[in-house]
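The values are calculated or read from the model by the stated rules, or taken from the named source; none is laboratory data. Since the structure is predicted, the reported quantities are computational estimates derived from the model, not experimental observations. Note: ideal-geometry Cβ built from the backbone for every residue, glycine included; neighbour counts use all protein chains shown.
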Amino acid sequence: MSYQLESAELFVREMPPDRLNFGIGKSSEGGKAKSAANRRPGAILLLRVQVKTSDGRSAVGCSGDRPSFGWLDKRPGKSPEEKLTMLLDLVENSQEIYLEKGSNFASPFALWQSAFSAVAAYGEDHDCEDLMVSYASALLERAVIDAVCRVEEKPFATMVREDRLGINAGSIHPELEGGQFGDLFPVVPGETFYIRHTVGLSDPIDDSDWTQDQRIGDGEPETLKEYAERDGLRYFKIKISGNAPADLERLGTIWNRVLVYSDQPVITLDGNEAYTDIHSFEEFVDRFEEELPGMFQHTLFIEQPLTRALTLDPSTANSVQRIGAKKPMVIDEADGTTNAFREAFAIGYSGCSHKNCKGVFKSLLNYALIDHWSREADRDIFLSGEDLSNMSLVPLHQDFAALGVLGIDNCERNGHHYAFGLSHLNEEEKRAVAEKHRDLYVERDGEYFLRIVDGQINTGSVQTGAFGTVTQPDWSSLTPLQEWREANGT
């Protein structure tokens with residue numbers, strides 16, 4: 001049996017303004033953190049595809065992500081407007097490539113393998129970052145996976161476990177040739193995850209950082225202390241800026257005012273490529289260990305502290321291995337190609353972030369690599385669950401579906417507290433959430449929010465159908481991408 005990709009349509013969901021500023025990335029002039037508002041439009045990109053089988057069955061699949069051009073491409077020589085235009089051009093070209101390659105395909109993996117190389121070639125010809133290429137291809141990849149799960153009437157976890165996605169691991173990583181790929185994954189997907197709460201560079205820590213006249217007053221927590229106490233948080237992801245003295249002072253404040261009072265806190269640091277020199281970062285880690293030993297002890301790993309180019313520079317290996325002996329290091333923005341984790345592992349990195357926006361097949365293959373390497377490696381190797389401000393319905397639900405298969409028990413979540421619950425959805429979509437996802441959401445004062453209890457969230461309702469899309473968007477309420485681009489001059 002074979003499949004045909006019959007259609008692929010791109011839409012935009014307009015987002016209301018964030019309730020709090022998400023300070024992300026390296027400090028800008030004047031000491032203020034770069035705002036996420038300057039790194040992505042107030043919108044979510046959504047894709048709807050239709051797949052038909054050679055025996056006449058058909059189904060609709062979907063995917064979605066924030067078009068976060070400022071995270072995908074951090075080169076200073078291009079304006080935000082140029083980067084967004086490049087990204088959307090690349091996405092639309094990927095749409096055409098997948099439609100052409102998808103006229104007759106044997107499996108979702110076979111289509112992805114054929115199309116990804118063509119998307120990468122287009123990206124190289126048009127000066128696109130590798131990470132941007134992965135994003136564009138992943139949008140199509142996930143929608144096709146979702147549609148095939150639907151047409152086969154099996155959830156994503158079963159499709160992976162029963163090896164029904166056609167994954168040929170050896171064709172990407174030769175050392176995986178001949179292995180029983182599906183057997184590597186859990187028989188029952190994970191459903192419960194610790195939420196790793198993001199602490200942005202401009203987040204107020206407690207009341208001393210947030211005067212009464214600064215307060216929003218919308219009934220939701222506004223400081224880290226308030227979130228930690230209400231949601232019973234144990235896991236925290238803290239942004240660092242690349243300015244070691246400022247970072248250490250802020251880390252000390254966070255630890256001494258809030259986290260030291262949490263029950264067995266687990267901390268990760270995220271540099272977002274802030275450090276441009278390996279020796280400066282090495283000095284930061286040494287000072288962190290010496291000046292904040294309690295917090296250092298509770299820190300699980302450090303994510304993407306160096307620029308993506310420096311991350312994969314073999315000349316950094318001695319320093320990376322020395323740092324890694326103290327705290328494992330994870331790549332994120334540097335993970336733009338199918339071989340990036342392999343290159344980073346050889347240098348001395350222990351982990352690679354999973355984000356759906358970088359590719360589901362890539363993460364499944366990385367999971368298999370970890371199993372292979374772990375048999376002989378002298379260090380822990382792992383995938384971490386990170387976030388591109390995933391919002392409901394599609395991006396968040398699909399990400400939880402992937403995490404359940406990848407054996408990850410905690411995940412960064414930042415979309416839910418910088419925005420106001422599900423205020424971006426319409427009433428019909430909210431009714432569907434209330435009916436089908438009672439485990440995942442709770443209603444407070446007429447709005448729906450993630451249901452976080454004792455720092456954990458239950459996602460069983462998204463593990464039961466297709467690729468997390470038990471509930472699809474109300475497509476009639478969305479704006480076609482071309483129409484949105486014309487209106488916004490992109």
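If only one of G446, G359 is under 19 Å from the mean Cα position of the chain (by Cα) and either surrounded by 23 or more Cβ atoms within 10 Å (Cβ to Cβ) or not aromatic (F, W, Y) (or both), which one is it?
One residue alone meets the criteria, G359.
Strands (runs of 3 or more DSSP E) wholly in the range 31-126 with at least 1 residues that are surrounded by fewer than 15 Cβ atoms within 10 Å (Cβ to Cβ) - which ones?
So the answer is 58-65.
Any idea which of (1) closer than 30 Å to L233 by Cβ; (2) in contact with a His (Cβ under 9 Å, 6 or more places away or on another chain) is the one H173 doesn't satisfy?
Going through the list (1) closer than 30 Å to L233 by Cβ; (2) in contact with a His (Cβ under 9 Å, 6 or more places away or on another chain), H173 breaks only (1).
Looking only at residues that are under 20 Å from the mean Cα position of the chain (by Cα) and of a type in the set (A, V, I, L, M) in the range 405-442, which one is modelled with the lowest pLDDT?
Among those residues, the one meeting the criterion is A419.
State which residue is surrounded by the most Cβ atoms within 10 Å (Cβ to Cβ) when the search covers only the range 387-428 and only residues that are under 18 Å from F467 (Cα atoms) and charged (D, E, K, R).
D399
Does the range 384-427 hold any residues that are out of contact with any Cys (no Cβ under 7 Å at 6 or more places or on another chain), under 21 Å from R19 (Cβ atoms) and hydrophobic (A, V, I, L, M, F, W, C), and which are they?
M391, L393, L396, A419, F420, L422, L425
I'm trying to understand the selection: among the residues of the range 206-227, which are among the aliphatic types (A, V, I, L, M) and buried (at least 19 other Cβ atoms within 10 Å of the Cβ)?
L224
So that you can scan it fast, the table gives a plain yes or no per residue for (1) of a type in the set (S, T, N, Q); (2) over 30 Å from G465 (Cα atoms); (3) free of Cβ contacts under 8 Å to residues at least 24 places away in the same chain:
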residue	(1), (2), (3)
D163	no, no, yes
V187	no, no, no
Y227	no, yes, no
I238	no, yes, no
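Within the range 449-490, count every residue that is of a type in the set (A, V, I, L, M) and surrounded by fewer than 17 Cβ atoms within 10 Å (Cβ to Cβ).
Summing the residues that are of a type in the set (A, V, I, L, M) and surrounded by fewer than 17 Cβ atoms within 10 Å (Cβ to Cβ) in the range 449-490 gives 2.
Scan the range 210-220 residue by residue and report those that are in a loop (DSSP other than H, G, I, E, B) and either under 15 Å from F22 (Cβ atoms) or acidic (D, E) (or both).
Those that are in a loop (DSSP other than H, G, I, E, B) and either under 15 Å from F22 (Cβ atoms) or acidic (D, E) (or both): I216, D218, E220.
Confirm whether A157 is touching a Pro at 6+ places or on another chain (Cβ under 8 Å), surrounded by 20 or more Cβ atoms within 10 Å (Cβ to Cβ) and in contact (Cβ under 8 Å) with a residue 24 or more places away in the chain.
Answer is yes for this residue.
Of the conditions (1) buried (at least 21 other Cβ atoms within 10 Å of the Cβ); (2) at pLDDT 95 or above; (3) not acidic (D, E), S7 fails just one. Which one is it?
Looking at each condition in turn, S7 falls short on (1).
Failed condition for G178, given (1) in a loop (DSSP other than H, G, I, E, B); (2) under 30 Å from H437 (Cβ atoms), with all others met?
(2)
Sort through V266, V160 and tell me the only one that's in contact with a Lys or Arg (Cβ under 9 Å, 6 or more places away or on another chain), aliphatic (A, V, I, L, M) and at pLDDT 95 or above.
Just one listed residue meets the conditions, V266.
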